[in-house]
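One structure is given below, encoded as structure tokens.
The values are calculated or read from the model by the stated rules, or taken from the named source; none is laboratory data. Predicted, not measured: the structure shown is a model, and the values here were computed from it. Note: ideal-geometry Cβ built from the backbone for every residue, glycine included; neighbour counts use all protein chains shown. Calculation scope for accessible area: heavy atoms of the full protein, side chains included, ligands and nucleic acids excluded. Shrake-Rupley method; radii C 1.70, N 1.55, O 1.52, S 1.80 Å.
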Amino acid sequence: MYVKPKKQLGQHFLKDLSIAQRIVELLTGHGGHDGEPYKKVLEIGPGTGVLTQFLLQDSRFETYVIEIDRESVDYLKQNFPALDGRILASNFLTIRPDLLPTKEPENTESFAVIGNFPYNISSQILFKVLEMRDRVPEVVGMFQREVAQRIASGPGNKDYGILSVLLQAWYDITYEFTVGPEVFNPPPKVHSGVLSLRRNATVDLGCDERKFTQVVKHGFSQRRKTVRNALKPLNPPEAALASPFMDKRAEQLSVAEFVQLTLLMMTESPEQ
């Protein structure tokens with residue numbers, strides 16, 4: 001059967017098998033923050049299975065797939081009998097985390113995430129991964145090149161932003177390689193970039209995580225302004241206002257410095 005790529009789902013099927021194999025080979029079995037290597041891999045949006053075929057050939061892993069497109073689900077069932085019982089016909093963004101990567105309730109086993117992610121929801125996929133960071137020790141994915149560069153960028157780079165900081169707090173990120181549009185059907189109008197994310201050893205940021213996220217988001221809300229101006233809506237206490245961080249722009253602060261700034265933002269001003 002033929003599966004037609006669907007524009008509304010952001011489907012661009014990878015045609016180049018050598019690139020597909022190269023992507024799969026980036027999976028290391030990395031043990032994550034607790035050192036326990038994973039065995040299960042969840043592929044998001046497998047489409048017609050160009051990555052899936054190489055995942056199934058790797059004896060280290062037990063492969064599961066999650067696919068929202070019914071036509072693709074039927075194709076996978078027909079062409080990959082080894083996936084029997086391991087195809088989740090669902091939306092990764094809305095499925096209950098305890099149902100991943102299997103359909104067994106209360107499953108909390110670790111699993112890697114891999115995929116040629118639909119570009120229109122790739123950032124949302126990573127935010128979902130962040131919510132499950134203690135279950136997802138490794139991610140390998142294809143993104144729009146500009147998004148991949150932004151995620152992997154470090155402080156002082158104009159591409160460095162909110163997603164860079166929030167992800168790099170918990171993952172070590174590597175920009176692996178660039179992929180041209182000609183290897184997809186249909187070809188996207190942009191180049192693509194492949195990233196690998198491996199869970200670091202951090203188990204606690206050392207500050208309130210909600211406040212950290214709030215400070216990061218506000219800090220980048222007005223990139224051209226200093227942190228002092230960007231954080232005004234949060235009414236910084238005196239300890240924060242006295243910090244040299246306030247005279248920098250958000251893109252100049254590392255993850256550790258954002259943690260320090262968050263702690264300063266949570267100090268109480270002395271009573272007048």
### Message
Looking only at segment 81-121, how many residues end up being at pLDDT 95 or above, of a type outside the set (A, V, I, L, M, F, W, C) and part of a helix (DSSP H, G or I)?
### Response
1
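Say whether the condition of being among the polar types (S, T, N, Q), crowded, with 18+ Cβ neighbours inside 10 Å and not in a helix (DSSP H, G or I) is met by at least one residue in segment 18-29. Spell out how you get there, then give the answer.
Applying the first criterion (among the polar types (S, T, N, Q)) to segment 18-29 yields 18, 21, 28.
From what's left, crowded, with 18+ Cβ neighbours inside 10 Å: none.
No - not one qualifying residue is present in segment 18-29.
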### Query
Could you count how many residues in segment 127-148 are outside any strand (DSSP E or B), closer than 14 Å to residue 173 by Cα and of a type in the set (Asp, Glu)?
0
### Message
Pairs please, first residue from segment 23-43 and among the small types (Gly, Ala, Ser), second anywhere and part of a loop (DSSP other than H, G, I, E, B) and open to solvent by 20 Å² or more (accessible area, probe 1.4 Å), Cβ atoms under 7 Å, 6+ apart in sequence or on different chains.
### Response
29/37; 29/60; 31/37; 32/110
### Query
Within segment 172-179, can one find any residue that is acidic (Asp, Glu), open to solvent by 50 Å² or more (accessible area, probe 1.4 Å) and assigned to a strand (DSSP E or B)?
yes
### Query
Under the condition of being over 18 Å from the mean Cα position of the chain (by Cα) and among the acidic types (Asp, Glu), which residue from segment 185-240 is surrounded by the most Cβ atoms within 10 Å (Cβ to Cβ)?
208
### Query
Across segment 14-51, what is the total count of residues that are under 21 Å from residue 189 (Cβ atoms), out of contact with any Ser or Thr (no Cβ under 6 Å at 6 or more places or on another chain) and not aliphatic (A, V, I, L, M)?
3
### Query
All but one of (1) farther than 22 Å from residue 16 by Cα; (2) at pLDDT 95 or above hold for residue 68; which doesn't?
(2)
#### Entry: segment 30-53 - residue that is out of contact with any Phe, Trp or Tyr (no Cβ under 8 Å at 6 or more places or on another chain) and buried (at least 19 other Cβ atoms within 10 Å of the Cβ) and, of those, farthest from residue 124 (Cα to Cα)
51
### Summary
Flagged pairs (Cβ under 8 angstrom, 6 or more apart or on separate chains; first in segment 73-91, closer than 16 Å to residue 44 by Cα and of a type in the set (Phe, Trp, Tyr); second open to solvent by 40 Å² or more (accessible area, probe 1.4 Å) and assigned to a helix (DSSP H, G or I)) are 80/53; 80/56
### Task
Among the residues of segment 149-165, write down those that are open to solvent by less than 20 Å² (accessible area, probe 1.4 Å), part of a helix (DSSP H, G or I) and small (Gly, Ala, Ser).
164
### Query
Here is a list of conditions, (1) modelled with pLDDT of 95 or more; (2) open to solvent by 20 Å² or more (accessible area, probe 1.4 Å), and residue 125 meets all of them except one; can you say which number that is?
(2)
### Summary
Looking across segment 42-73 at residues that are in a strand (DSSP E or B) and among the hydroxyl-bearing types (Ser, Thr, Tyr), the single one that is nearest to residue 97 (Cα to Cα) is 64
